[in-house]
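Scroll down for the structure; my scribbles are underneath it.
The values are calculated or read from the model by the stated rules, or taken from the named source; none is laboratory data. Model, not experiment: these values are computed from the prediction. Neighbour counts are summed over all protein chains in view; Cβ atoms, including those assigned to glycine, are modelled from backbone coordinates with ideal geometry.
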Amino acid sequence: TTTGTPNHFLSIDDFSYAELRGMLNQAVALKQRLKDGDRPQLLKDKVLAMIFERQSTRTRVSFDVGMRQLGGETIMLSGQEMQLSREETLEDTAKVMSRYVDAIMIRILSHADLLELAGGATVPVINGLTRRAHPCQIMADLMTFEEHRGDIRGAKVAWVGDSNNVLHSWVNAAELFGCQLTIAVPDEYSPEKDLMQDIKRAGSAVRLIEDAREAVEGADLVITDTWVSMGDVDAAERRRVLKPYQVDTSLMALANKDALFMHCLPAHRGDEVTDEVIDGPQSVVFDEAENRLHAQKAILCWAFGVETN
Ligand code: CP
Ligand code: NVA
């Protein structure tokens, strides 16, 4: 499109099932082509600027490599080094950067800040994680599940631990993709208001409980994430309250025999997951990390409006 809103990728629930399915199909195709030694230069001469207000390993490297594989280039920026840290607004920053680059990827804690940037940008903006959502991660997660087990529709998914950004995007995905998501979180860290609204909107696709064992029973996929997300301040208290939610072999034993285990990484081994589980035969965490690359290449192609086949 040449007029109106650019192709922003901000939140899973901005999209229809068909749109996300299209991106996932392209991700699978691009992954296969790469394995076959084919590197289509679909984004030749395009420049992606990446702004990181927070740490990253996977998001940073996978977007950088993904752009290069598609023939594009990247500029890496840290929020602290930009005039953003001297109170230039996100909107002005977006307007200026839109005059230079072809798209912007940003990791920033405040989702409102992300929306401000997107509102000011005339080029696509991609959400590389906010406190509210991590949509690129969930695209990789969906891709990984289907790679191992086929269509995720109807699958039983268990989320165990904290209620955070990754969970929020999973709630949105469960609604769209028709999986049965059961969330077990302690009352102390129950979902914030807008996540709760999305859980309600998802209807029968999403169930919220407190008991980790009940959530995992009969699950096809067990997911957890760190107990202390970026921006959380009460680390010691979180570790104490969330201790019963550790994914260990006895918890995994309640799931289906062929259940997969996922974690977006970085993992805090010995907290939310044991070594035995994350290094065990059911764990697909490194496929999941790899698929960030392929899923994001498809997201980039969609954002740039480029046909991949
Ligand atoms: N999963 C994920 O987004 O990892 P990084 O924080 O390393 O980018
Ligand atoms: N929930 C984690 C995900 C890190 C990729 C965080 O927000 O820190």
Segment 218-252: number of residues that are away from ligand 2 (no atom under 13 Å from the Cβ), under 23 Å from Met143 (Cβ atoms) and outside any loop (DSSP other than H, G, I, E, B): 4
Test: residue in segment 188-201 that is farther than 24 Å from Ser110 by Cα, assigned to a helix (DSSP H, G or I), in the same structural domain as Asp275 (by TED's automatic domain parsing) and not basic (Lys, Arg): no
Complete set of residues in segment 67-85 that are touching a helix residue (DSSP H, G or I) at 6+ places or on another chain (Cβ under 9 Å), more than 20 Å from Ala121 (Cβ to Cβ) and part of a helix (DSSP H, G or I): Gln69
Flag for Ile104 being modelled with pLDDT of 95 or more, outside any loop (DSSP other than H, G, I, E, B), over 20 Å from Met143 (Cα atoms) and touching a helix residue (DSSP H, G or I) at 6+ places or on another chain (Cβ under 8 Å): yes
Scan of segment 260-302 for residues that are free of Cβ contacts under 8 Å to residues at least 60 places away in the same chain, touching a Lys or Arg at 6+ places or on another chain (Cβ under 7 Å) and more than 16 Å from ligand 2 (Cβ to nearest atom), ordered by number: Asp275
Segment 141-160, subset over 16 Å from Leu20 (Cα atoms) and buried (at least 24 other Cβ atoms within 10 Å of the Cβ), residue nearest to ligand 1 (Cβ to nearest atom): Trp159
Subset of segment 284-309 [outside any helix (DSSP H, G or I) and either β-branched (Val, Ile, Thr) or surrounded by 21 or more Cβ atoms within 10 Å (Cβ to Cβ) (or both)]: Val284, Val306, Thr308
Any hit, segment 84-91, residues being away from ligand 2 (no atom under 16 Å from the Cβ), closer than 19 Å to Lys44 by Cα, crowded, with 22+ Cβ neighbours inside 10 Å and not acidic (Asp, Glu): no
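Yes/no matrix, rows are residues, columns are (1) touching a Leu at 6+ places or on another chain (Cβ under 7 Å); (2) farther than 30 Å from Arg68 by Cβ; (3) of a type in the set (Gly, Ala, Ser):
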position: Ala212; (1), (2), (3): yes, yes, yes
position: Leu221; (1), (2), (3): yes, yes, no
position: Tyr245; (1), (2), (3): no, yes, no
position: Pro266; (1), (2), (3): no, no, no
position: Val284; (1), (2), (3): yes, no, no
position: Asp287; (1), (2), (3): no, no, no
position: Lys297; (1), (2), (3): yes, no, no
Counted residues, segment 26-66 - those being within 15 Å of ligand 1 (Cβ to nearest atom) and in a helix (DSSP H, G or I): 9
Test result for Ile138, outside any helix (DSSP H, G or I) and either at pLDDT 95 or above or crowded, with 18+ Cβ neighbours inside 10 Å (or both): no
Residue tally, condition closer than 26 Å to Thr130 by Cβ, touching a residue at least 24 places away in the same chain (Cβ under 8 Å) and not charged (D, E, K, R), over segment 227-259: 9
Verdict on Ala255 being in a loop (DSSP other than H, G, I, E, B) and at pLDDT 95 or above: yes
Tally, over segment 114-135, of residues that are within 15 Å of ligand 2 (Cβ to nearest atom), part of a helix (DSSP H, G or I) and either over 24 Å from Ala27 (Cβ atoms) or not aliphatic (A, V, I, L, M) (or both): 1
